[in-house]
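Derivation of every value follows stated rules applied to the coordinates shown; laboratory data play no part. On a predicted model such as this, the values are computed, not experimentally measured, just so you know.
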Amino acid sequence: MMGNALLKNMNTSYPNNQYQKTNDLQNSLKVMSYQNKKFLFNLSQVFGRNKQDYLNELNYERNRSERENEERFLQSDYQK
């Protein structure tokens with residue numbers, strides 16, 4: 001899924017006719033710099049979301065196991 005998002009982003013960021021000859025080299029470098037920054041920002045968003053999803057899942061599993069342990073403890077205490 002991340003690979004597809006990466007390729008899609010690269011495809012939209014770097015179209016085939018992007019590298020047209022221009023007299024103003026500085027302007028061309030600014031455009032490329034902006035596109036690189038945009039690409040890196042989008043890439044960091046993709047990986048950041050996946051990292052946050054992973055951390056959220058770990059937190060959910062930890063809370064669920066704690067609740068299950070509390071329920072077991074209460075049931076065993078009630079049975080005594």
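At 0.36 nm per residue, and after removing the present C-alpha to C-alpha distance, how many nm does the segment from ASN59 to ASN4 gain when stretched out fully? Intermediate values should be presented prior to the final figure.
Numbers: separation 55, 0.36 × 55 = 19.80 nm, distance 2.76 nm.
Gain on extension, ASN59 to ASN4, equals 17.0 nm.
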Residue separation between LYS38 and GLU68 times 0.36 nm, minus their alpha-carbon distance, gives in nm 6.3 nm
